[in-house]
Amino acid sequence: MLDNLLALHSGLWTANRLYQPQTHCRPSGFALLDEKLEGGWPESGVVEFQLACFGVGELRLVLPAIATALKNSELTLFACPPGDVNPVALCQAGIDLDKVVVLASSSDASLWCVEQALKSGCCRTAVLWGDALSVTQARRLQLAATENDCLLFMITHKKSVQGLPVSCRLALTPSDSGIAINVVKRRGLPVQPFTLTMPAMYTEHHWSSKAHPISERKTPPQVLGSSPSEQQHLPVPNNVVSLFR
């Protein structure tokens, strides 16, 4: 009876209207993360990662979503990475290197470049490392991303303003088995902190000092042109330590 009465008066607000689950999401490639976020990453907007330091596995966390988006997109952008983005790992994640743009510039210039890339419509996914965004910067990037159906992963090791206008914010901490995730902000109900298990990417053979001395590990010149199957037999370059766990 009460439900019928409420249905007749659409102007009345009830508490059960407070939460509406997301209807459009991008699968993250991790079943547990998709479950916690009720479908995966937001379809568009800014997703902020807060880290104690770079290199805790944050790039591995977004590679599956990037690889999926590239199937229907022209480019993906990596802006201001703290180390060399490893082409071997990108290939193993199923990412076409011909569609990858790596931007190395000053912080202020990179923000402008990323905003223009989002507005251009040439990419659906971008990753930006840098300092915490200001409210104005976050609003501009959020607007550019949402209006052009893009998803920007903003990775910072500094705490941002709590009221920052972003679609989602996660605090990431390395753990023995993978990454401990605290969902600080999202559209929907609160999520309890959880740990996402991430298996090792390389066997002990790759890291053996006898098989591949660290001082001699270099990316072969054929890496950018070789197929993903061939990449599995290549020595792992040094920069894999900083961006991939």
### Message
Using a Förster radius of 30 Å, what is the FRET efficiency between residue 134 and residue 182 based on their Cβ-Cβ separation? Nearest 0.05, please.
### Response
0.85
### Task
Mind scanning 36/185; 71/99; 36/159 and naming the pairs with a C-alpha gap bigger than 20 Å?
36/159
## Note on the structure
Per the rule of 0.36 nm per residue minus the C-alpha distance, extending residue 96 to residue 116 adds in nm 5.0 nm
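All of the numbers you see were taken from the coordinates with simple rules; none came from a lab. Because the structure is predicted, anything quoted here is derived from the model rather than measured. We place every Cβ from the backbone using ideal geometry, glycine too, and count neighbours over all the protein chains shown.
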